[in-house]
1. Among the listed residues VAL31, VAL5, identify the single one that is out of contact with any Cys (no Cβ under 8 Å at 6 or more places or on another chain) and either in a strand (DSSP E or B) or closer than 22 Å to SER121 by Cβ (or both).
2. Go through (1) touching a strand residue (DSSP E or B) at 6+ places or on another chain (Cβ under 6 Å); (2) open to solvent by 60 Å² or more (accessible area, probe 1.4 Å); (3) under 21 Å from GLN3 (Cα atoms); (4) touching a residue at least 24 places away in the same chain (Cβ under 8 Å) one by one and return the number of the condition PRO87 breaks.
3. Can you find a residue in region 28-36 that is charged (D, E, K, R) and open to solvent by 30 Å² or more (accessible area, probe 1.4 Å)?
4. Among the candidates LEU47, LEU20, LEU85, which residue alone is at pLDDT 95 or above, part of a loop (DSSP other than H, G, I, E, B) and not hydroxyl-bearing (Ser, Thr, Tyr)?
5. Right, SER96: at pLDDT 95 or above, open to solvent by less than 30 Å² (accessible area, probe 1.4 Å) and of a type in the set (Gly, Ala, Ser) or not?
6. Can you report the number of residues in region 37-77 which are of a type in the set (D, E, K, R) and open to solvent by less than 40 Å² (accessible area, probe 1.4 Å)?
7. β-branched (Val, Ile, Thr) and open to solvent by 50 Å² or more (accessible area, probe 1.4 Å): is that true of VAL104 in this structure?
8. Cβ-Cβ distance below 9 Å, separation of 6 or more or different chains: which pairs start in region 53-64 with a residue that is in contact (Cβ under 8 Å) with a residue 12 or more places away in the chain and end on one that is in a loop (DSSP other than H, G, I, E, B) and of a type outside the set (Val, Ile, Thr)?
Amino acid sequence: QLQFVESGGGLVQPGGSLRLSCAASGSIFSVNSMDWYRQAPGKQRELVAQITNGGSTIYADSVKGRFTISRDNAKNTVYLQMNSLKPEDTAVYFCSSLIRDGTVMNWGRYWGQGTQVTVSS
């Protein structure tokens, strides 16, 4: 069973830092771009950052210069380093990726279970 496992969320004061990790496990043939999304209460889920197989990245304007996405292809793991955190960054953060499973060779979008990030004094 292919799945993502996230870790690293928590409570942090404004200006603080957190690092999120998300590891894909199971029968994996290929992983496309790896993404981080977030969803705050009462708001739609939004793309925070994306990293391609080649390492190219894109960021939401609200996090540019503060967040850094990276990946370890050998471990099928994506990271999100979050610095200078603000109260408006409070949300549930989800990792996601298009993955071709190694069993039936189908592409599918997979999601992590979500991890809560709360920025508050």
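1. Matching residue, one of VAL31, VAL5: VAL31.
2. (3)
3. Scanning region 28-36 turns up no residue that is charged (D, E, K, R) and open to solvent by 30 Å² or more (accessible area, probe 1.4 Å).
4. Of the residues listed, the single one that is at pLDDT 95 or above, part of a loop (DSSP other than H, G, I, E, B) and not hydroxyl-bearing (Ser, Thr, Tyr) is LEU85.
5. Here the answer is yes, as SER96 does meet what is asked.
6. Residues that pass the stated criteria total 2.
7. Answer is yes for this residue.
8. SER62/LYS86
The values are calculated or read from the model by the stated rules, or taken from the named source; none is laboratory data. Not measured: the values here are computed from a predicted model. All Cβ positions, even for glycine, are placed from backbone atoms using ideal geometry, and neighbour counts span all protein chains on display. Ligands, DNA and RNA are stripped out before the accessible areas are found, and what is left, the full protein with its side chains, is counted by its heavy atoms. Shrake-Rupley method; radii C 1.70, N 1.55, O 1.52, S 1.80 Å.
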